[in-house]
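Student: Pasting a structure below so you can have a look.
The values are calculated or read from the model by the stated rules, or taken from the named source; none is laboratory data. Predicted model only: the values in this text are computed from it and were never measured. For neighbour counting, all protein chains shown are included, and Cβ atoms are generated from backbone atoms with ideal geometry for every residue, glycine included. With ligands, DNA and RNA removed, areas are computed over all heavy atoms of the protein, side chains included. Shrake-Rupley method; radii C 1.70, N 1.55, O 1.52, S 1.80 Å.
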Amino acid sequence: MFDWFKKIFVGYENILSSNNTDNFADTLLVELKASSTSAITDAVKKVEGKYMKSVLEESYFPLQSLTFVPNDVEVARTLEEFFRVHEDINPDFRKVFCKSFLQKEYFSDRGAKVIIDNEFVPIFKVDVSSLEERSEDEKYLISIKGRKILFSSHANLGNPKKNFMKGDSRVNVSGNSELKEMKNKVVVKLLISDKDGHRSENVTLPTLIGKNPDDACIDFGITPIYIKAKYVSRHQIFIYSILDKMFYFVPDEATLTCRSGEGDILEHGRNYSIKVSGERLYLGVPPENARPLTANVDPAEFPVLEIQPFSHEGNASLDKTPRPTVV
């Protein structure tokens, strides 16, 4: 598990080459993952009872802080040295290491969701002097069923926020600060009909559309677009461009598929070219549904997506002068 760190930090073998360090890192990842999950789920259980389930389904709790306290003097000293040595090589080591055991999202049994910001870094309180004063009886109490618990942890959550808000920087690319960048990117206009009604989004490609596309896709230059409807997959449609052509497909992990404006059921993983005149898609269709498409579609259940291509300059492709071709 720890081998991938060796590829990131040059000179690692010369500084810490013993198997003991690898074993400690493996144990550390397992313990921190279990401790963080316990602390975050405990924190959300304490506050979720104040809110109706419908509110929890439409919002999330941001994680404000997560604190780890070693329960053992030796663990505290080893942890302190572990971070010190690696941060001498890479100052961002702690952030990278923590991302390997922190999940992007945590869920409770009632559907409450906690989201971890991409720049979030937990707090490690290493106070060796206070640990040395712990009596033998107190040390014994940290052992449960023969396994010593290496860390105590505590999480603090912020007030709930809406999963989707008009003008959210994650989906809004039409702000004044981004107009210049849009000129150098391929842009499409999306007309969306879902539970919230009808709206229009100017979006830079590539974009991932669905009920809850991963916020992590922003790190890879992918714009997430959120659809609120009963029948729609977490990742429903992916739109991208190659040179002057635009394509879309239904990801393989999507449990539902879509129908085209002509009524054809889209195949998972197959690339479809976007026509210059645009595309109209009916999202959230079961793959085995062979019934003909009707005009009476409730967007709160089966959302509707229209894709209208834009050029690099932000002008509709319909207005572009056709390129001459060789006959």
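Student: If we scan the range 101-120, do we find a residue that is over 27 Å from residue 207 (Cα atoms), modelled with pLDDT of 85 or more and in contact with a strand residue (DSSP E or B) (Cβ under 8 Å, 6 or more places away or on another chain)?
Tutor: Checked against the condition, which is being over 27 Å from residue 207 (Cα atoms), modelled with pLDDT of 85 or more and in contact with a strand residue (DSSP E or B) (Cβ under 8 Å, 6 or more places away or on another chain), the range 101-120 yields no hits at all.
Student: In the range 47-74, how many are open to solvent by 30 Å² or more (accessible area, probe 1.4 Å) and modelled with pLDDT of 90 or more? Before you say what the answer is, go through the steps one by one.
Tutor: Kept after step one, since they are open to solvent by 30 Å² or more (accessible area, probe 1.4 Å), are these residues of the range 47-74: 47, 49-55, 57-58, 60, 64, 69, 72, 74.
Those still in the list that are modelled with pLDDT of 90 or more too: 47, 60, 64.
So the count comes out to 3.
Student: For the range 242-253, what are the residues that are without any contact (Cβ under 8 Å) to a residue 60 or more places away in the chain and either surrounded by 21 or more Cβ atoms within 10 Å (Cβ to Cβ) or touching a strand residue (DSSP E or B) at 6+ places or on another chain (Cβ under 7 Å) (or both)? Working first, answer last.
Tutor: Applying the first criterion (without any contact (Cβ under 8 Å) to a residue 60 or more places away in the chain) to the range 242-253 yields 242-245, 247-253.
Correct list: 245, 247, 248, 249, 250, 251, 252.
Student: Okay, moving on. Return the residue satisfying two criteria in turn: it lies in the range 165-200 and is closer than 24 Å to residue 59 by Cα and surrounded by 18 or more Cβ atoms within 10 Å (Cβ to Cβ), and of such residues it is modelled with the lowest pLDDT.
Tutor: Looking at the filtered set, the residue picked out is 173.
Student: Across the range 76-122, what is the number of residues that are open to solvent by 20 Å² or more (accessible area, probe 1.4 Å) and of a type in the set (Val, Ile, Thr)?
Tutor: Count: 5.
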